[in-house]
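Following: one structure in structure tokens, then a few remarks.
Laboratory data are not the source of any read-out in this text; all were calculated from the coordinates shown. For clarity, every value in this text was computed on a predicted model and none was experimentally measured. Please note: Cβ atoms are built from the backbone with ideal geometry, for glycine as well, and neighbour counts cover all protein chains shown.
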Amino acid sequence: MLENSIEDICNYVHGIISTHGSAEYIEIKAFVDVLPLNHYPRTYPFASYVINVQGATAGHKDMRDKIWCVTIPFGDYSGGSLALYEAGVVVEKGVGDVIIFPSSLFTHFNLDFEGIRCSLILFSDRHGDDWAEGRNGWNEFMVV
């Protein structure tokens with residue numbers, strides 16, 4: 001199963017987030033702490049992940065992302081630095097580097113690359129707050 005393959009790196013990211021961003025950590029994990037059947041995703045405290053293969057996008061903001069996005073590049077490639085437009089920063093990232101940034105606040109994109117470039121992205125959706133706060137309106141009808 002793919003999730004087993006990313007478990008170690010997700011645990012590493014969990015350690016970083018829980019140690020260095022305690023207030024944000026509490027907000028991000030609020031949704032996954034109340035998932036049905038006490039399910040905890042391997043990506044904890046994040047609810048979701050995506051693996052990009054040869055991904056290249058136009059500059060964009062992920063308006064639905066909650067607080068932070070984590071990107072971890074891997075593959076056999078050169079180039080592909082992460083550009084954060086409003087910050088005026090280009091992050092030279094290598095295989096296995098962990099980059100954490102607020103993807104809803106910064107227009108971001110990767111520069112050109114050569115080779116096979118992939119990335120693991122961890123994120124949570126802002127709409128998870130509706131579930132965490134009132135179970136999307138079903139809290140009155142749920143029995144736990």
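Other residues lying with their Cβ under 11 Å from the Cβ of residue 68 contribute a combined charge of -3, Lys and Arg counting +1, Asp and Glu -1. Would you work out if the stretch 39-79 is rounded, prolate or oblate? Take a ≥ b ≥ c from the square roots of the eigenvalues of the alpha-carbon gyration tensor; rounded if a/c is under 1.5, else prolate when a/b is larger than b/c, oblate otherwise. Cα axes put the stretch 39-79 in the oblate bin.
In the distance distribution for the stretch 2-141, Cα-Cα pairs more than 19 Å apart total 53 percent.
Bridging of residue 29 to lysines at a Cα separation below 21 Å is possible for 66, once same-chain residues fewer than 8 apart are set aside.
As an equivalent ellipsoid, the stretch 1-50 spans semi-axes of 17, 15, 7 angstrom, where each value is the square root of five times an eigenvalue of the C-alpha gyration tensor, largest first.
Karplus-based coupling profile of the stretch 55-65, in residue order and whole Hz: x, 9, 10, 6, x, 7, 10, 8, 5, 8, 5, with θ = phi - 60° in 6.51 cos²θ - 1.76 cosθ + 1.60 and x standing for Gly or Pro. Full extension of the segment from residue 98 to residue 63, taken as 0.36 nm per residue of separation minus the current Cα-Cα distance, would add 10.5 nm. Computed over neighbours whose Cβ is under 13 Å from that of residue 21, the net charge equals 0, Lys and Arg +1, Asp and Glu -1.
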